[in-house]
Amino acid sequence: MKHLTAYVFLMLLLLSGCGAQLSPDEAQESIQVIAMDTAMLITTYGERSPAAAYACEDVIRDLEAKLSRTVEDSEVSRLNNNAGKELTVIGEDLSALLDAAAYYNFTTGGAFNIAIAPAASAWGFTKDHFQVPSQEEIDELLKLVDGFTLREEPEGVALGPGQSIDLGAIAKGYAADKIVQVFQEYEVPRGLAQLGGNVLAYGDRPDGTPWRVGIQDPAKPGGKNAFVGVLELTDAFAVTSGGYQRYFEQDGKTYHHIIDPATGYPADSGLTSVTVVAALGEGDGSGFPGTMCDAYSTALFIMGEEQALAFWRDETRWGEQGCPFGLVLVTEDGRVLVTEGLADRFTLDEDSGYTYEAVS
Ligand code: AMP
Ligand code: MG
């Protein structure tokens, strides 16, 4: 069995040298952080750039220690291990994420579901021991997913017997939201955080132009300069979900990590990637637009083109905390769909072989 764990992140094009000149007093720090199963890159500017970059690392490591279900003693692991038994004491971050997850489960009609964990594990995505589960096994596990309950008491929370959660579809977006707070605290004038498929473009580039964020061609996951196009972003989050980011192959078939809660199988919606873009300061009303983008990139990938666009068009479905967002959808049949409002910030790579469609 061949497998690939691709630490694929949106590529920072500006580093490939766009001739930007730093003003002499503008220091820059760039650090790589391997966390949350992802190679991350944090770039900060300004006088306090080194301290800011390392403070971001601290935030990421702290969140990983609390939220990862592969870290033995994390709050999430304790919650999963205590399922059907005693209450687990949880902190502010997990509590906020459980609320956000319930909210996005509701707005997406169930496509976003952190209770998918038992099914994701059956496919081997938790421990990289990949396998195709039997239909009987999937049917049994979907009962746990569908019957998900979260008991909330003042002393702690508890899942139902056999149930477990996975915050992989939302934790990096939440980390990106917290990085905005660090940037503000350290008075970072501009910066860029690439947390796998989650990119935070903070401020603009030193030469005053927007950050350039390439959208990976899902058909060429290993390709270094294989982009379907480029987004130009200032003060925005761009979060991409795609089957190409983590998958395995068996008997000539490819199985990826985004599981449709309706079937228990990897989503097969005709989309190969979904990028959700939102401005800083918007988001779910509680100041977490990165979290929102992360939840929606996963959910809309599962929904497919038609449903994703219907969702985007109908703001009544975003809920009370909803905020404007834009989409770049890449389809299996070679099209790139860009929603109105984002279209003037997107440039198709003419050599990519994809065709471009603006959507309104
Ligand atoms: P992302 O890369 O943000 O799209 O998140 C994908 C990850 O979220 C997977 O690796 C799983 O850990 C988890 N996941 C898979 N399917 C779902 C789903 N339907 N809802 C929520 N999380 C999911
Ligand atoms: Mg996500």
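Throughout, read-outs are computed from the coordinates displayed, never taken from laboratory work. This structure is a prediction, so every number in the text was calculated from the model and none was measured. In this analysis, Cβ positions are derived from the backbone assuming ideal geometry, glycine residues included, and neighbour counts consider all displayed protein chains.
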State the number of lysine pairs found in the chain whose Cα atoms come within less than 29 Å, restricting to pairs 8 or more positions apart or on distinct chains.
27
Among LEU159, ALA175, THR240, flag the residue with its Cα farthest along the positive direction of the charge dipole of the chain, charges on Cβ as +1 for Lys/Arg and -1 for Asp/Glu.
THR240
Roughly how many whole Å is it from the C-alpha centroid of region 160-180 to that of region 104-130?
11
Scoring only Lys, Arg, Asp and Glu (+1, +1, -1, -1) among other residues with Cβ under 12 Å from the Cβ of GLY334 yields -3
What list of whole percents do you get for P(r) of region 147-297, with Cα-Cα distances grouped in 10 Å bins up to the one holding the largest distance?
10, 33, 32, 18, 7, 0
Evaluated at 10 °C and 1.306 mPa s, the Stokes-Einstein D of the chain based on the Kirkwood radius over Cα pairs, in µm²/s, stands at 77
Compute the longest continuous run of the chain that contains no exposed GluC sites (Glu not before Pro); treat a site as exposed when its DSSP state is not H, G, I, E or B and it has at most 15 other Cβ atoms within 10 Å.
188-319
Estimated distance in nm for a label pair at ASP333 and GLN135, the labels positioned 7 Å out from Cα along Cα-to-Cβ:
2.8
Could you check what % of the DSSP bridge pairs in the chain are antiparallel, to the nearest 5?
95
Semi-axes of the equivalent ellipsoid of region 105-236: what are they in whole Å, largest first, if each equals the square root of 5 times a C-alpha gyration tensor eigenvalue?
36, 22, 12
Please tell me the relative contact order of the chain in percent, rounded to the nearest whole number, where contacts are Cα pairs under 8 Å and at least six residues apart.
18
Which is the longest part of the chain that has none of the trypsin sites (Lys or Arg not before Pro) sitting in a DSSP loop with at most 10 other Cβ atoms within 10 Å?
225-360
Using only the Cα atoms, work out Rg/Rh for region 69-182, with Rh taken as the Kirkwood radius, to two decimals.
0.97
If I take every Cα pair under 8 Å that is 6 or more residues apart in region 243-360, average their sequence separation and divide by the length, what percent do I get for the relative contact order?
22
Need one number: % antiparallel among DSSP beta bridges in region 239-359, to the nearest 5.
80
Rounded to two decimals, the Rg over Rh value of region 213-360 from Cα coordinates and the Kirkwood Rh reads 0.96
Taking only DSSP H segments of four or more residues, each worth -39500 (n - 2.57), what value at 222 nm results for the chain once the sum is divided by all its residues, to the nearest 500 deg cm²/dmol?
-8500 deg cm²/dmol
For region 203-291, take N as its residue count and report Rg(C-alpha) divided by 2.2 N^0.38 Å.
1.33
